[in-house]
Amino acid sequence: MLSSLLRQIRKAPWSARLGFLIIAINLLAFAFAPQLAPFEETEIIGGVWEPGFWAADCSEEALSLRGPCWSQLNHSRVDGKAWLGTDHLGRDLLSRMLYGARNSISIALIITALSFFIGMTLGFLAATMHGWVDQLVSRTVDVMMAFPTLIFALIVLSVAGTSTPVLIIVIALLDSTRVFRLSRAVALDIEATEYVEVARLRGERLSWLMWREILPNTLPPLIAEFGLRFCFVFLFISALSFLGLGLQPPTADWGSMVKENAGAITFGVYTALVPAFAIAFVTIGVNMVADWFLRKAAGLRDEY
Amino acid sequence: MSKLSAYILKRIAFAFVTLFVISVLISLGVEFLPGDLAKSILGQQATAEALAAFRAELGLDQPLHVRYIEWLGGLMRWDLGRSLANDIPVADLIGARLSNTLFLAVVAAAIAVPLSVLLGLLAALFKETPFDKLVSMTTLTTISFPEFLVAYILIALLAVELPLFPSMANVTPAMDFWDRLHAIALPVSTLVLVVVAHIMRLTRAALINVLGRPYIEMAQLKGMTRAWIILYHALPNSLAPIINVIVINLAYLVVGVVVVEVVFVYPGLGQLLADSVSKRDLPVVQASGLIFAATYVLLNLGADVLSVLANPRLRHPK
């Protein structure tokens with residue numbers, strides 16, 4: 001399994017390989033954040049917005065220009081160095097980036113998984129049952145998709161409050177409309193084939209038809225779509241966190257970290273760009289892999 | 001022709017149904033969600049009188065249909081209730097901000113639409129050349145970037161390192177047109193970058209799709225220049241998807257300004273909405289949410305109708 005994956009990666013174009021590399025780095029951060037991080041998630045280790053490794057120069061001139069140099073940081077632990085400097089409360093940025101990878105990616109994964117569960121169940125159901133079920137769900141989805149996602153989410157969050165479970169359910173529901181559209185379309189194609197008809201005539205149950213007959217043949221486009229939906233959800237949750245409506249502090253989360261450190265940008269302290277670029281890299285990486293997978297598996301996506 | 005008008009009428013009817021559902025969801029949405037709004041906003045310690053007063057203020061004590069009709073009636077008279085946070089009529093709060101947001105969106109659209117169509121045309125014309133690859137790479141990157149990253153990169157480059165434009169886009173009624181333009185230069189550039197990426201990619205794809213058709217080959221064999229073929233033979237047939245993506249991006253411009261307005265502390269409707277959500281100022285959220293949603297629905301309706309008009313074949317759906 002793993003060796004065949006590696007062989008596939010070796011044959012992939014450079015863009016997909018770069019995507020795999022980015023994903024691998026983030027998975028490492030995701031899995032081993034507590035072991036890799038030099039400091040705790042909420043531990044205050046020094047002054048506000050102290051510079052990182054680029055300020056290793058401790059000459060008089062550099063000190064007057066940039067403030068304290070790297071070796072002068074007030075570290076609570078001798079072995080730890082703030083490689084990326086400190087944030088707006090004097091916490092280690094690198095540690096928060098690592099923990100942030102864990103929080104931001106896991107919530108986006110949970111939301112995407114839930115959205116696929118809802119969207120695929122409804123989509124397959126609509127495709128196998130036809131009739132009023134199909135009509136009802138399709139028309140509801142039409143109306144929901146006519147509603148701008150961000151505005152919908154904002155209105156619901158203002159009523160229900162911004163707790164993490166509410167956030168997960170709201171975004172998953174909104175996103176499941178797109179999954180529904182795709183899975184219904186793909187399932188309709190498969191549903192028209194002879195072997196599904198045979199299974200139907202055999203008297204198999206609806207759940208058998210949906211999960212044993214239709215699902216295996218709809219997997220490739222749906223897996224690629226999972227990557228693309230993940231990107232969308234990831235950007236969406238980052239935007240909400242950036243607006244202060246996503247994950248709440250002191251949890252380290254990339255979107256909130258951008259918001260917290262953004263005030264310093266006008267003074268030439270670019271701490272906020274680190275989590276912002278991390279968000280972009282994850283999105284680009286997953287996009288590249290999903291794109292390659294789609295081309296390889298189905299050739300569904302054309303030029304655009 | 002009757003088929004065409006029937007189709008358009010159907011789209012308009014669907015848009016109105018959507019608007020109706022949206023208005024019901026917005027005005028009565030409190031009801032469908034679990035939990036007691038009054039308690040969750042005022043806190044567990046709130047007295048029974050305070051809770052009752054809060055419910056009466058929002059009309060939560062009345063039956064659903066009465067609430068909806070009163071809310072709709074108020075909307076018709078542009079009476080949107082009073083803000084919970086600072087007790088100002090919501091209409092006053094929204095008025096100036098709405099025009100600020102529209103100004104931002106209109107300026108961004110006026111730059112982005114011609115620019116992106118031109119870039120898409122050029123990329124299709126010079127397909128597979130370094131120019132095409134450069135434009136494609138740049139747009140792919142901007143699509144993957146969150147808006148706030150584009151915005152902060154622009155601030156870092158054009159407001160901090162090279163102090164050309166202000167990093168905070170504050171506009172006041174006293175400023176004249178050019179001062180305003182200067183003030184919103186960076187938020188406009190952010191929106192333009194994001195929107196251009198989308199429109200340009202689709203313009204290029206739509207053109208290249210048409211360029212593979214036999215009648216284009218015929219035109220080539222007749223010895224026509226590539227520019228002529230693209231402008232007079234390919235462009236008319238790819239207008240429908242291009243118009244569609246342009247209008248959808250205009251809808252995005254009106255709705256997607258929320259994040260950009262927050263980054264640049266721009267006094268627009270989007271920032272008001274984001275603020276009000278965190279303060280849970282329900283009347284303001286309802287009113288501004290409805291304005292955003294209605295604009296979005298109407299622009300999407302426009303996209304559908306225009307693309308049918310631009311493509312005769314879509315007038316006779318099979």
Review point. Per residue of B:257-266, how many C-beta atoms from partner chains lie within 10 Å of its own C-beta, taken as a mean?
Key: 2
Check your understanding: Between rounded, prolate and oblate, where does chain B land on the alpha carbon gyration tensor, with a ≥ b ≥ c its root eigenvalues, rounded for a/c under 1.5, else prolate if a/b exceeds b/c?
Key -> oblate
Practice item. Would you mind checking which residues have amide H under 5 Å from residue A:91's amide H? H placed 1.01 Å from N; only 5 or more apart, or other chain. Key: A:45
Study note, to complete from the structure: Looks like the protein assembly as shown, by Cα gyration tensor root eigenvalues a ≥ b ≥ c and the a/c under 1.5 rounded cutoff (else prolate when a/b is bigger than b/c, oblate otherwise), is rounded
Point to revise | Per residue accessible area in Å² of chain A, where ligands, DNA and RNA are left out and the probe is 1.4 Å | key: 46 Å²
Revision key, fill the gap. Expressed in square angstrom to the nearest 10, the accessible area of residue B:70 with a 1.4 Å probe stands at 110 Å²
Check your understanding: Which value, in Å² and to the nearest 10, is the accessible area of residue A:138 when all protein chains are kept and the probe is 1.4 Å?
Key -> 10 Å²
Exercise for review: Rank B:100, B:124, B:64 by how far each Cα sits towards the positive end of the charge dipole of the stretch B:58-146 (+1 on Lys, Arg Cβ; -1 on Asp, Glu Cβ) and give me just the farthest.
Suggested key: B:124
Revision key, fill the gap. Sorted on mean Cβ neighbours within 10 Å (highest first), peptides B:99-109, A:31-41 come out as B:99-109, A:31-41
**Study point:** Relative contact order [Cα under 8 Å, 6+ residues apart], the stretch B:90-315, whole percent
**Key:** 28 percent
Review point. Considering only protein heavy atoms, what is the solvent-accessible area of residue A:189 at a probe of 1.4 Å, reported in Å² to the nearest 10?
Key: 110 Å²
Study note, to complete from the structure: Computed, not fitted: 222 nm per-residue ellipticity of chain A from DSSP H runs ≥ 4 (each -39500 (n - 2.57)), nearest 500, equal to -22500 deg cm²/dmol
Point to revise | Total charge dipole magnitude, chain B, about the Cα centre, Cβ charges on Lys, Arg, Asp, Glu only, Debye to nearest 20 | key: 1600 debye
Point to revise | Where B:255, B:113 fall by accessible area, highest first, once all protein chains stay in place (1.4 Å) | key: B:113, B:255
Review point. Give or take rounding to whole Å, what are the principal axis extents of the alpha carbon atoms in the stretch A:175-304, in descending order?
Key: 71, 32, 17
Exercise for review: Using a 1.4 angstrom probe on heavy atoms only, work out the carbon and sulfur share of the accessible area of the protein assembly as shown in %.
Suggested key: 67 percent
Check your understanding: Averaged over A:156-165, how many beta carbons belonging to a partner chain fall within 10 Å of each residue's beta carbon?
Key -> 6
**Study point:** Inter-centroid distance (Cα atoms) of the stretch B:136-191 relative to the stretch A:187-207, Å
**Key:** 55 Å
Review point. How large is ³J(HN,Hα), in whole Hz, for each residue of the stretch B:194-199 in order, when computed from phi with the Karplus curve 6.51 cos²θ - 1.76 cosθ + 1.60 and θ = phi - 60°, using x for Gly and Pro?
Key: 5, 5, 4, 4, 5, 5
Review point. When you count, for each residue, the other Cβ atoms within 10 Å and take the mean per peptide, how do B:119-130, A:218-229, B:280-291 rank with the highest first?
Key: B:280-291, A:218-229, B:119-130
Review point. Which cross-chain or sequence-distant (5 or more) residues have an amide H under 5 Å from the amide H of residue B:145, H modelled 1.01 Å from N in plane?
Key: none
Check your understanding: For peptide B:62-74, how many partner chain Cβ atoms fall within 10 Å of a residue's Cβ, on average?
Key -> 0
Point to revise | Interchain or long-range residues, amide H under 5 Å from residue B:84's placed H | key: B:282, B:284
Study note, to complete from the structure: Phi angles of the stretch B:16-24, converted by Karplus (6.51 cos²θ - 1.76 cosθ + 1.60, θ = phi - 60°) into ³J(HN,Hα) in whole Hz with x for Gly and Pro, give 5, 4, 4, 4, 5, 4, 4, 5, 5
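The values are calculated or read from the model by the stated rules, or taken from the named source; none is laboratory data. Just so it is clear, the structure is predicted and the values come from calculations on it, not from any experiment. Neighbour counts are summed over all protein chains in view; Cβ atoms, including those assigned to glycine, are modelled from backbone coordinates with ideal geometry. Surface accessibility is based on the protein's heavy atoms, side chains included, excluding ligands, DNA and RNA. Shrake-Rupley method; radii C 1.70, N 1.55, O 1.52, S 1.80 Å.
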